[in-house]
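Worksheet: one structure, shown below.
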Amino acid sequence: MTEYLKEINQGISDISTWLPVDRTPWVIAGPCSAESQQQVLDTARGVARCPNVKVFRAGLWKPRTRPNTFEGVGRVGLKWLKAVQQETGLPTTTEVANAKHVELCLKNNIDILWIGARTTVNSFLVQEIADALQGTDVPILIKNPINAELGLWIGAIERLYGAGVRKLAGIHRGFSTYSETEYRNQPNWQIPIELKRLIPRLPLICDPSHIAGNRQLIERLSQMALDFGLHGLMIETHIDPDNALSDARQQITPDALLQLLERLHARSAAITNTPVQTRMAQLRACIDQVDSRLLRDLAERMKWVEEIGRLKKQHDIPVLQIDRWEDLLADHVSRGLQAGLDGGFVKAIFEIIHTQAVKQQL
Ligand code: PEP
Ligand code: MN
């Protein structure tokens, strides 16, 4: 650990000094974007029923990949967040991407600010935000950068700390990849784990919504985060997710959030803190990642099988060509052996795959 990281680790405030996190998981819930006062308040009323929810989130300025999409309601939403504070008592948080956003949020008493993944990558913007925060006491949550580079994440933490911010936390929201995967953003758990090793006192929050990109995976990712010893979750929650103006596929209703949280299993701190438990969760995550790749590759293989099946049919070629099959099997078994796999295991797998491929062409 470098000296500066050691200093940061000692200097950051304990989360309990700025948020009453009396249960695990504790949750930041609310819509991806504030859309209308009604939508914000209805969602807030829904999530406030859940004792795990400690903060209400809603994006006012939305970083969007393409222009001419909904880019947030902007400053008009600040008073909707004030209404949430007044009615539910929940502290509120929104994303800031420049000094102007910071200034407006501070003027309107937004309780907590977060820096988005597209901003963490940009040292000019992070520094501008840090400068705007000099002398203030507002807690800052820093999302990981879009690309899988721990240094950028740490750099942003250092800039904020350097500006005197002590109420800090990180948000793990996954990392962008070019290839199509089951996740919108790859979790790459080794990165938040390494951050936890380097700055153990920095609270780490997991944002399963942006990792998943779809509602189905949120629960599994939330459980994984708990298994890794992360205690906070940021879950996008919307009163009418299907009609959300941004990130519709990954938002859930307040009722679904309540049910999901009931199903999660938080391990006792004593178990979670053992390195063995963390290592187990890390290894499971690696296996999970490989399994999804295997499934995707199998699906792709079957697509090509179907295509070759059509070609054989068109040209009256028999489905099963025993020579080709024998060559393929021998080749795969020998390549499997070279890769350190058991020959019988490789043979058994390809026999199953081949049987299915033949069936699919009939
Ligand atoms: C968000 O939280 O809605 C958001 C834009 O997040 P990220 O910066 O993680 O993409
Ligand atoms: Mn979002």
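Here Arg201 does not qualify as under 27 Å from Leu217 (Cα atoms) and either out of contact with any helix residue (DSSP H, G or I) (no Cβ under 9 Å at 6 or more places or on another chain) or basic (Lys, Arg) (or both). Considered as a group, the residues in the stretch 219-245 that are over 28 Å from Lys196 (Cα atoms) and either at pLDDT below 95 or assigned to a helix (DSSP H, G or I) (or both) include one that is nearest to ligand 2 (Cβ to nearest atom), and that residue is Pro241.
Within the stretch 215-226, being within 11 Å of Gln250 (Cα to Cα) and either touching an Asp or Glu at 6+ places or on another chain (Cβ under 9 Å) or among the hydroxyl-bearing types (Ser, Thr, Tyr) (or both) holds for Leu217, Ile218. When we screen Val276, Val346 for residues that are part of a helix (DSSP H, G or I) and exposed (fewer than 11 other Cβ atoms within 10 Å of the Cβ), the only hit is Val276.
Going residue by residue through the stretch 110-127, is there one that turns out to be surrounded by 16 or more Cβ atoms within 10 Å (Cβ to Cβ), aliphatic (A, V, I, L, M) and over 29 Å from Glu194 (Cβ atoms)? Within the stretch 110-127, one or more residues are surrounded by 16 or more Cβ atoms within 10 Å (Cβ to Cβ), aliphatic (A, V, I, L, M) and over 29 Å from Glu194 (Cβ atoms).
So Ala44 ticks every box in (1) farther than 21 Å from Cys206 by Cβ; (2) under 25 Å from the mean Cα position of the chain (by Cα); (3) surrounded by fewer than 16 Cβ atoms within 10 Å (Cβ to Cβ) but one. Which box is left unticked? That leaves (3) as the condition not met.
Could you say whether any residue in the stretch 244-253 is more than 15 Å from ligand 1 (Cβ to nearest atom) and more than 14 Å from the chain's Cα centre (by Cα)? Yes, the stretch 244-253 contains a residue that is more than 15 Å from ligand 1 (Cβ to nearest atom) and more than 14 Å from the chain's Cα centre (by Cα).
In the condition set (1) over 27 Å from Ile154 (Cα atoms); (2) in contact (Cβ under 8 Å) with a residue 12 or more places away in the chain; (3) within 13 Å of ligand 1 (Cβ to nearest atom), Glu71 is compliant with all but (2). I'd like to know if the stretch 319-328 contains one or more residues that are hydrophobic (A, V, I, L, M, F, W, C), touching a residue at least 12 places away in the same chain (Cβ under 8 Å) and loosely packed, with under 13 Cβ neighbours inside 10 Å. Yes, the conditions are met somewhere in the stretch 319-328.
Looking at the stretch 169-186, can you tell me whether even one residue there is within 16 Å of ligand 2 (Cβ to nearest atom), within 22 Å of Thr92 (Cβ to Cβ), surrounded by fewer than 18 Cβ atoms within 10 Å (Cβ to Cβ) and free of Cβ contacts under 8 Å to residues at least 60 places away in the same chain? No: zero hits.
Say whether the condition of being assigned to a helix (DSSP H, G or I) and either touching a helix residue (DSSP H, G or I) at 6+ places or on another chain (Cβ under 6 Å) or modelled with pLDDT of 95 or more (or both) is met by at least one residue in the stretch 28-37. Within the stretch 28-37, one or more residues are assigned to a helix (DSSP H, G or I) and either touching a helix residue (DSSP H, G or I) at 6+ places or on another chain (Cβ under 6 Å) or modelled with pLDDT of 95 or more (or both).
For the stretch 303-312, does any single residue satisfy the condition of being assigned to a helix (DSSP H, G or I), touching a strand residue (DSSP E or B) at 6+ places or on another chain (Cβ under 9 Å) and at negative phi? Scanning the stretch 303-312 turns up no residue that is assigned to a helix (DSSP H, G or I), touching a strand residue (DSSP E or B) at 6+ places or on another chain (Cβ under 9 Å) and at negative phi. Among the conditions (1) in a loop (DSSP other than H, G, I, E, B); (2) modelled with pLDDT of 95 or more; (3) in contact with a strand residue (DSSP E or B) (Cβ under 7 Å, 6 or more places away or on another chain), the only one that Arg166 does not satisfy is (3). Of all residues in the stretch 19-41, which are more than 16 Å from ligand 2 (Cβ to nearest atom), surrounded by 15 or more Cβ atoms within 10 Å (Cβ to Cβ) and not β-branched (Val, Ile, Thr)? Passing the criteria: Leu19, Pro25, Trp26, Gln37, Leu41. Between Val84, Val55, Val76, the distinction of being of a type in the set (Val, Ile, Thr) and either within 16 Å of ligand 2 (Cβ to nearest atom) or within 21 Å of the chain's Cα centre (by Cα) (or both) belongs to Val55 only.
On inspection, Val102 fails the criterion of being farther than 20 Å from Gly72 by Cα and of a type outside the set (D, E, K, R). Consider the stretch 175-203 and keep the residues that are in a loop (DSSP other than H, G, I, E, B) and of a type in the set (Phe, Trp, Tyr). The one that is farthest from Met224 (Cα to Cα) is Tyr178.
The values are calculated or read from the model by the stated rules, or taken from the named source; none is laboratory data. Being a predicted model, the structure only gives us computed values, none of them experimental. Backbone-built Cβ (ideal geometry, glycine too); neighbour counts: all protein chains shown.
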